[in-house]
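Report on the structure given below.
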Amino acid sequence: MKIISTPLELKNILRENTKTIGFVPTMGALHEGHISLIKKAREENDLVIVSIFVNPTQFLKGEDLDKYPKKDEADKVICELCGVDILFFPKADDIYGRDEVSIVAPNVRGFVLEGASRPSHFNGVLTVVMKLLNMVSPTKAYFGKKDAQQLNLISLMVKQFFMNVEVVAVDTVREKDGLALSSRNVYLSQEQRKEALKISASLKEASDMISKGILDTKQIKSKMMDILSPLEIFYVEILNRDFEYIYNVEIGNSIILVEVKVGSTRLLDNIWL
Ligand code: PAF
């Protein structure tokens, strides 16, 4: 595995490349969720490139940029073991310059749900993903379904900017007890971790209601909120896969999304129906 830290080195290595490239952009602190993205990329491509870059522009003032978990050495070992060919580890100065041109998330889709409480977050995500995709020029890029709004906006950007890459959505990986894997889970105390299980419990209840034929989104959301109480709820929402509000669950075209605060940690999760 080659470890590369500048865009120029990456460009030189890829200059003559004719092989298919699977790309997994990450912010490091890799866990089984990332590993499942890397494994899929490994199965489907000749070359696998992983980037680790804690992107400052997607953090708002007062968020956890400075204490975002860092596990560089462990991450290198994981990438090596997963058969990654190139690990790209750029610094902020390599990615951002002065007088930045940035991508702006669309008005509605970018500023509801997570975007409502984190305005400008998705501008930062889209900007860095655009930069990374342009640097790597992958055949396919892999993103987790857990960050459903991010995935939706990246897919939209790729389509609207006629970018030559296939976005692949990969299923969420969970602990045995249902907690969705996230680099931020390390912030949780034992007690908070127990509280966090309310998230997957609320999603399971929603899925059970739907299998009993209850499709009314208001009724489902109200039951989910009861289960999540007394956690601080940012949103409980049921949308179609174009991120439009719906009154009734459309089987095969719906996503149920939750974001809550446990202690001072934001946790999100969703199920696709
Ligand atoms: O999902 C993440 O880890 C980040 O938002 C991403 C896509 C790597 C952009 O910084």
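Taking 20 Å as the cut-off for C-alpha to C-alpha distance, list the pairs among LYS223/LYS261; LYS159/LYS218; LYS40/LYS145 that go past it.
Beyond 20 Å: LYS159/LYS218.
Which of the residue pairs LYS39/LYS221; LYS61/LYS146; LYS131/LYS204; LYS146/LYS204; LYS140/LYS198 have a Cα-Cα distance greater than 26 Å in the structure shown?
Result: LYS39/LYS221; LYS131/LYS204; LYS140/LYS198 exceed 26 Å.
Please give the contour-minus-distance gain from ASP93 to GLN192: 0.36 nm per residue of separation, less the Cα-Cα distance, rounded to one decimal in nm.
Between ASP93 and GLN192, full extension yields an extra 32.0 nm.
Could you tell me how far the Cα centroid of the stretch 218-236 sits from the Cα centroid of the stretch 55-118, in Å?
The distance from the Cα centre of the stretch 55-118 to that of the stretch 218-236 comes to 29 Å.
Classify the stretch 160-273 as rounded, prolate or oblate, taking a ≥ b ≥ c as the square roots of the eigenvalues of its Cα gyration tensor: rounded when a/c is under 1.5, otherwise prolate if a/b is larger than b/c and oblate if not.
Oblate, since a/c reaches 1.5 and b/c is not below a/b.
For the chain, modelled as a Gaussian network with Cα springs under 10 Å, which listed residue fluctuates most, ILE49, ILE251, ILE220?
Top of the fluctuation ranking is ILE251.
If you wrap a convex hull around the alpha carbons of the chain, what volume per residue comes out, as a whole number of Å³?
Each residue corresponds to 135 Å³ of Cα convex hull volume.
In whole angstrom, how far apart do the alpha carbon centroids of the stretch 179-214 and the stretch 146-162 sit?
For the stretch 179-214 versus the stretch 146-162, the Cα centre distance is 25 Å.
Order of LEU273, LEU81 from fewest to most other C-beta atoms within 10 Å?
LEU81, LEU273
Values in this text are rule-based calculations from the coordinates and carry no lab data. If you're wondering where the values come from, they're calculated on a predicted model, not measured in any experiment. All Cβ positions, even for glycine, are placed from backbone atoms using ideal geometry, and neighbour counts span all protein chains on display.
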